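Here's the structure, in structure tokens; my notes come after.
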Amino acid sequence: MAQIDISLDNTQDFYHLTPDSVLDALESVNFEPQAALLALNSYENRVYQFRDYAEKRYVVKFYRPNRWSDQQILEEHLFCEQLVENEIPVVAPIKINGNTLFSHANYRFAVYDCKGGRSPNLDDKDTLIWLGRFIGRIHLLGESNSFQYRPALTLQNFGIDSVQYLLDTDFIPSHILESYRSVTEQIIRYCDQKMNQLTSINTLRLHGDCHPSNVMWTDDGPHFVDFDDSRMGPAVQDLWMLITDNQDRHQWNTILEGYEDFREFDDRELNLVEPLRAIRMLHYSAWLARRWNDPSFKHNFPWFNTTRYWEEQVLMLKEQLFVLQ
């Protein structure tokens, strides 16, 4: 089944997801939640922490309608289960009567054990080595098979489609439109050149959104959460967001030292870091625009869709173009 078009947004996606309906959904899969729900920091989906009457903590995630198909969600779940089976610290969905994906009142949801932690100290050598080792292990298993339903990370779906969506709507102020069009055309062209030069690089199943907030650190080490953006792509996608200074060779050498304890890294992929950063910038703006009818986005991102935002975007994109060049 093809990926559902994430641009198909519904103003009322989560309108009927009230606290009562969340509790009813949990009870439908035999949880006995206390009435208190804690909304967690998630915008794409709706995520809540709850306790049962034995005081055990869990997290329930309600998937945004019209984003992923059931097959795509289940592929993510299966990947997480495989990682856990290989003793990799990933928070996988709880299996209930053989299932991990459930539905209630037209909402699909999954339940997870609640795992706390703090952001990793990315300036610490041992932390980077440890992270590199676990990501290497994730990728070693990730390359053993391919996603059948989940999309790949490509210039088309992250860059070209994002720019086209913004140009086809009225988000960008008219006096900035040509500047935005010009700089994004150049960025797409440079990214295309660099990515086409590396067509022989292997792609594999990734975390896909491996930034520090998706790595929970404890005294016993890390665990990786939120594989919601998992997809096929180059290995470096799961590494570059953990590097605080891309020009710092020491940081790269340190995380790759751990990574290569388990999987060889193709150094040519380092040439993809700035193109990947560029198309992520484009994708982020389009993501906000596609979700702008969701009231929670207007509340949490009040600075988006202002003249100042788009002026700053053009400046940042010009700076990124300079780096690409």
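Residues in region 157-174 that are among the hydroxyl-bearing types (Ser, Thr, Tyr) and within 24 Å of the chain's Cα centre (by Cα): Ser162, Tyr165. Only one of the listed residues (Val29, Val60, Val47) is free of Cβ contacts under 8 Å to residues at least 60 places away in the same chain, surrounded by 15 or more Cβ atoms within 10 Å (Cβ to Cβ) and more than 21 Å from Trp292 (Cα to Cα). That residue is Val60. Within region 279-290, one or more residues are assigned by TED's automatic domain parsing to the domain that holds Ile135, hydroxyl-bearing (Ser, Thr, Tyr) and more than 30 Å from Leu101 (Cβ to Cβ).
Is it true that some residue in region 121-137 is in contact with a Pro (Cβ under 9 Å, 6 or more places away or on another chain), of a type in the set (Gly, Ala, Ser) and not in a loop (DSSP other than H, G, I, E, B)? Among the residues of region 121-137, not one is in contact with a Pro (Cβ under 9 Å, 6 or more places away or on another chain), of a type in the set (Gly, Ala, Ser) and not in a loop (DSSP other than H, G, I, E, B), which makes the answer no.
The residues listed here are His299, His250, His207; of these, the one that is more than 30 Å from His16 (Cβ to Cβ), at pLDDT below 95, assigned by TED's automatic domain parsing to the domain that holds Val183 and not hydroxyl-bearing (Ser, Thr, Tyr) is His250. For region 138-162, the set of residues classified as in a helix (DSSP H, G or I) and surrounded by fewer than 21 Cβ atoms within 10 Å (Cβ to Cβ) consists of Leu140, Leu141, Leu155, Gln156, Asn157, Ile160, Asp161, listed by residue number. Among the numbered conditions (1) in contact (Cβ under 8 Å) with a residue 12 or more places away in the chain; (2) over 19 Å from the mean Cα position of the chain (by Cα); (3) in a helix (DSSP H, G or I), the only one that Leu177 does not meet is (1). Considering only residues in region 123-136 that are of a type outside the set (Gly, Ala, Ser) and under 19 Å from the mean Cα position of the chain (by Cα), the one that is surrounded by the fewest Cβ atoms within 10 Å (Cβ to Cβ) turns out to be Phe134. Can you pull out every residue in region 22-44 that is at pLDDT 95 or above, of a type outside the set (D, E, K, R) and farther than 17 Å from Asp113 by Cβ? Listed by number, the residues that qualify are Val22, Leu23, Ala25, Ser28. Filtering region 253-293 to residues that are over 18 Å from the mean Cα position of the chain (by Cα) and over 18 Å from Asn202 (Cα atoms) leaves Asn253, Thr254, Ile255, Glu257, Gly258, Asp261, Trp292, Asn293.
The values are calculated or read from the model by the stated rules, or taken from the named source; none is laboratory data. This is a predicted model, so every value here is computed, not measured. Glycine also receives a Cβ, built like all others from the backbone with ideal geometry; neighbour counts cover every protein chain displayed.
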